[in-house]
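**Student:** Provided herewith is a single structure, encoded as structure tokens, for subsequent inquiry.
The values are calculated or read from the model by the stated rules, or taken from the named source; none is laboratory data. Keep in mind the model is a prediction, meaning the values are calculated, not measured. Counting neighbours? That spans all protein chains shown, and the Cβs are built from the backbone with ideal geometry, glycine included.
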Amino acid sequence: MNQINRNSPMRMTGLSSGIDTSAIVQQAMRLNQMRIDSMMRSRTLLQWRRELHSNVRDQLSSFRSTFLTTLGPNAMLSSSVYNTTTAEATGKNAGAVTVRTGSSSEQGSMTINSISKLAQGARAVASNVSAEHGGHGISSNARLGDLLGSEFDGDMEITLAAGGEERTVTLNKDMTVADMVRAVNESGAGVTMTFDRLKDEFIIETNETRVGGQAQSREGETLTLSGKVFEKLGLIDTKSPDGRQTFDNAQNAELMINGQKVTSNSNTFDFRGINITLNETFKGEGPDSDVNITIKRDISAAFDKIKGFVDAYNSMIHRLENMLVERKTKEESTYLPLSDEEKTHMTEKQIEEWEAIAKKGLLKGDAGIQSLVSNLRRALFDTVSAAGLSPSQIGLSTGNFFSGTGGQIVINETKLRAALEEDTEKVVNVFMSGALASDNSDRGLLYRINEAIGGYLNRSSANTMEKLENSITQTNTQMQNLQDKMWREEDKLLRRYAAMETALSKLQSQGDWLAQMLTGLNNG
């Protein structure tokens, strides 16, 4: 609460006495105003402490939601973080497939001996399209009227059916190739049309059908097309009866893996934890034509994830420890919150710089934050019972107090990489075991950290925020009471001086009258 100016009638004081009564009253109120300013500074310090504690809470909550969770790119409570694998395809036909690992992928190898068929829907293909239209390349911006010439008289219709109800699309001569492709794809016919300028071909193909996320068999799919535009582009045979042609060339993918025939409804599928995409066919001609796929543990990816977590943790700890030891210099100790009157004599930048110094050291030695940092530090010391190892035994230890990194995690890269290579399961247990354990020794490192942060947020910090709010409310009440008292005293003094001025004015009037009477007598 800042000094409040009341709205009151203008008082004309000091006219008879010649005394500056306003200045006298203001001076008399100075002690009360000094008390109000002192309370204002105390309240501002409380508000600043509340703001700093709120920032700490936000930072801790953000760290938890980013790292101490099972979802998200930085989630550490997922075993896939530590069991990361990578797949490599080798051989002269390696480009025929793309392989990726997933959370269930295990180390090992497999061989793709051949790919005899790629999965495809029923499709119509028009190749070497430019040859039918002057031999010049066709672009997506080419007008249909220019391509089809005089045959395109007014609007023309094409019909499409992917084994079901026919859909009709109306085209006009001013539409471009790109417009036609878009119109077909948005027709709801269950097909996809593409134009590849480099390959100089049009393709219309039935769409893949999925039920419950699973691709359905492509066999039996049909595509029926009709319309002079399709004839002109070469997508259907001009000799087709009724200008209509049906295509039934859909097929599933077929390949040989480790000498066994495998079929798939889609060119992208999972096989024993490995995601495989088929790009092209190739014949099996013995070991020289095989595509060899090797699945290895990706130690670097797991290490980088852990390092990213540690870097974020250390940054958080660094900020907390700085708050605990931050203090003002002897010269800075005089920097206190500014009153409104003081701010009127300063620029915005000066106020900002002043307050930055005034806020220093407000959380110095804060008991709640000190306890949090101590609990986080202890999380690294104790052995995790499920793993039989402490974090330090897999390469995660606390820093050196003399170097200023006492509460931070220091990674021994050699030891951590070796632990990931030799026994990933133990590393997982050091980090993630004991999610529901009540004893801290049974919890993994991540759950210990989560418990420490949660305890601070729900107990210590919550109590601190409540106390600060109560103190701010109490100070506001005290300031208001003192302000009201000052107003009453000010009114009382002003009324007294006004009464004095009135009496002096009357006395002066009587003196003037008496002087006039005496002057009249003398003249008479």
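**Student:** Please identify the pairs in which a residue from the range 235-254 that is on the phi > 0 side of the Ramachandran plot has its Cβ atom under 9 Å from the Cβ atom of a residue that is outside any loop (DSSP other than H, G, I, E, B) and modelled with pLDDT of 85 or more, counting only partners at least 6 apart or on another chain.
**Tutor:** Qualifying pairs under 9 Å: Asp242/Ser226; Gly243/Ser226; Gly243/Lys228; Gly243/Phe230; Gly243/Glu231.
**Student:** Turning to a different aspect of this structure: Specify the residue that is surrounded by the most Cβ atoms within 10 Å (Cβ to Cβ); the eligible residues are those in the range 340-359 that are more than 30 Å from the chain's Cα centre (by Cα) and outside any helix (DSSP H, G or I).
**Tutor:** Looking at residues that are more than 30 Å from the chain's Cα centre (by Cα) and outside any helix (DSSP H, G or I), I get Met346.
**Student:** Looking at (1) among the β-branched types (Val, Ile, Thr); (2) outside any strand (DSSP E or B); (3) at pLDDT 90 or above, which is the one condition that is false for Ile138?
**Tutor:** The one condition Ile138 does not meet is (3).
**Student:** Where residues in the range 21-54 are among the polar types (S, T, N, Q) and at pLDDT 75 or above, which of them is farthest from Asp366 (Cα to Cα)?
**Tutor:** Looking at residues that are among the polar types (S, T, N, Q) and at pLDDT 75 or above, I get Ser38.
**Student:** Continuing with the same structure: Please list, ordered by first then second residue, the pairs with beta carbon atoms under 6 Å, 6 or more apart or interchain, first in the range 314-329 and in contact (Cβ under 8 Å) with a residue 60 or more places away in the chain and surrounded by 14 or more Cβ atoms within 10 Å (Cβ to Cβ), second in a loop (DSSP other than H, G, I, E, B) and not charged (D, E, K, R).
**Tutor:** Asn314/Gln408; Ile317/Gly407; Ile317/Gln408; Glu321/Gly407; Met323/Leu363
**Student:** Is it fair to say Asp174 is outside any strand (DSSP E or B), under 48 Å from the mean Cα position of the chain (by Cα) and over 15 Å from Ala126 (Cα atoms)?
**Tutor:** It is true that Asp174 is outside any strand (DSSP E or B), under 48 Å from the mean Cα position of the chain (by Cα) and over 15 Å from Ala126 (Cα atoms).
**Student:** Would you confirm whether any residue within the range 163-174 is in contact (Cβ under 8 Å) with a residue 40 or more places away in the chain and more than 13 Å from Leu225 (Cα to Cα)?
**Tutor:** Yes, there is a match, as at least one residue in the range 163-174 is in contact (Cβ under 8 Å) with a residue 40 or more places away in the chain and more than 13 Å from Leu225 (Cα to Cα).
**Student:** For the range 141-169, how many residues are in contact with a Ser or Thr (Cβ under 8 Å, 6 or more places away or on another chain), within 25 Å of Asn249 (Cα to Cα) and either at pLDDT below 80 or not acidic (Asp, Glu) (or both)?
**Tutor:** So the count comes out to 9.
**Student:** Within the range 422-465, restricting attention to residues that are of a type in the set (S, T, N, Q) and not in a helix (DSSP H, G or I), which residue is nearest to Met316 (Cα to Cα)?
**Tutor:** Of the residues in the range 422-465, the ones of a type in the set (S, T, N, Q) are 424, 429, 433, 438, 440-441, 450, 458, 460-461, 463-464.
Imposing the further condition that a residue be not in a helix (DSSP H, G or I) reduces the set to 433, 438.
Details: Ser433: 24, Ser438: 26 Å.
Selected residue: Ser433.
**Student:** Moving on. Which of (1) under 40 Å from the mean Cα position of the chain (by Cα); (2) within 29 Å of Met180 (Cα to Cα); (3) without any contact (Cβ under 8 Å) to a residue 60 or more places away in the chain does Gly213 not meet, given it meets every other one?
**Tutor:** For Gly213, the exception is condition (2).
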